[in-house]
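Chemist: So that we are looking at the same thing, I have put the structure below in structure tokens.
The values are calculated or read from the model by the stated rules, or taken from the named source; none is laboratory data. Every value quoted in this text rests on a predicted model; they were computed, and no experiment measured them. Positions of Cβ are generated from backbone atoms using ideal geometry, with glycine treated the same way; all protein chains shown enter the neighbour counts. With ligands, DNA and RNA removed, areas are computed over all heavy atoms of the protein, side chains included. Shrake-Rupley method; radii C 1.70, N 1.55, O 1.52, S 1.80 Å.
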Amino acid sequence: MKTMTTHSATLREQIEEMIAVGELKPGQHLDETELATRFGVSRTPIRETLIQLSSMGLVVIRPRRGAIVAELGPQQLVEMFEVMSELESTCGRLAARRMTPEEQQALLAAHQACQEALDAQEPDVYYYRNEVFHEAIYAGSHNQFLIEQTRALYRRLRPYRRLQLRVRNRLATSWNEHDGVVKAILEGDGDRAAQLLREHVMIQGQRFSDLMASLPQLRQDVA
């Protein structure tokens, strides 16, 4: 049973990753037979995985028409980023008060790893290291319910957060914003950490325009 559960989780993570990096694009039909062939499994675990992804908001299952990758419209994106910014803000405020010395070191290590990806100008590498950075802040909040809610929304927004990092100069801006957050957390300034994280995550003004202009790139080649 444990092996089957582990295999199911791995399958879900692999398909989730394909959605996050745009290999499976918003609005794309998800063919159970093709996915089963690709992963060397029967259609049953694929169907179960799509149901799991549907419960996470990443996939939409339509009666008698199968599943598609979920699409988010501009208004939905703004609303979700608004909530995301508040969740991360709360994580930062609590982390500034609650992080252990070991967790602070993990945050610094994640920050340094982002710096290396920035120096190499590797947006895809930065994307994954950026996730580790944010995860370190979630963990530092020491509030399991908050962590679970923040992770769930982060997963739904992953394709769009990744897209943001491809905007010109966004990597450097992102790292500089991280730097301010790290300093605030290490100084125990919860209000400052919360404010900086809120501004870091929220999309408004030029950042909203840039994201909207980038969406066709995410959705291209969908039949």
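Chemist: Look through R168, R129, R161 and report the one residue that is within 17 Å of S85 (Cβ to Cβ), free of Cβ contacts under 8 Å to residues at least 60 places away in the same chain and either touching a helix residue (DSSP H, G or I) at 6+ places or on another chain (Cβ under 8 Å) or outside any helix (DSSP H, G or I) (or both).
Modeler: R161
Chemist: Something else about it: Among A110, A117, A96, which is the only one that is under 24 Å from A9 (Cβ atoms) and in the same structural domain as G190 (by the TED database)?
Modeler: Details: A117 fails: under 24 Å from A9 (Cβ atoms); A96 fails: under 24 Å from A9 (Cβ atoms).
None of the other options fit; the residue is A110.
Chemist: Confirm whether E116 is of a type outside the set (V, I, T), under 24 Å from A213 (Cα atoms) and surrounded by fewer than 15 Cβ atoms within 10 Å (Cβ to Cβ).
Modeler: Working: of a type outside the set (V, I, T): yes; under 24 Å from A213 (Cα atoms): no; surrounded by fewer than 15 Cβ atoms within 10 Å (Cβ to Cβ): yes.
So E116 does not fit the description; no.
Chemist: Run down F81, F39 and say which single residue is outside the structural domain of I147 (by the TED database), surrounded by 14 or more Cβ atoms within 10 Å (Cβ to Cβ) and modelled with pLDDT of 90 or more. Step through it out loud before you land on a result.
Modeler: Values: F81 fails: outside the structural domain of I147 (by the TED database).
None of the other options fit; the residue is F39.
Chemist: Which ones in the stretch 177-211 are among the hydrophobic types (A, V, I, L, M, F, W, C), closer than 16 Å to M80 by Cα and open to solvent by 40 Å² or more (accessible area, probe 1.4 Å)? Please lay out each step first, then the result.
Modeler: Step one: of the stretch 177-211, the residues among the hydrophobic types (A, V, I, L, M, F, W, C) are 181-182, 184-186, 193-194, 196-197, 201-203, 208, 211.
In the following step, the residues that additionally are closer than 16 Å to M80 by Cα were identified as 197, 201-203, 208, 211.
Matches in the stretch 177-211: F208 only.
Chemist: In addition: Test R151 against the stated conditions and say whether it is without any contact (Cβ under 8 Å) to a residue 60 or more places away in the chain, open to solvent by 60 Å² or more (accessible area, probe 1.4 Å) and closer than 20 Å to V69 by Cβ.
Modeler: Against the criterion (without any contact (Cβ under 8 Å) to a residue 60 or more places away in the chain, open to solvent by 60 Å² or more (accessible area, probe 1.4 Å) and closer than 20 Å to V69 by Cβ), R151 qualifies.
Chemist: Within the stretch 16-36, work out how many residues are surrounded by 15 or more Cβ atoms within 10 Å (Cβ to Cβ) and under 18 Å from Y127 (Cβ atoms).
Modeler: Pass one, the stretch 16-36, residues surrounded by 15 or more Cβ atoms within 10 Å (Cβ to Cβ): 16, 18-20, 22, 24-26, 28, 30, 32, 35-36.
If we keep only those that are under 18 Å from Y127 (Cβ atoms) too, we end up with 16, 18-20, 22, 24-26.
Final tally of qualifying residues: 8.
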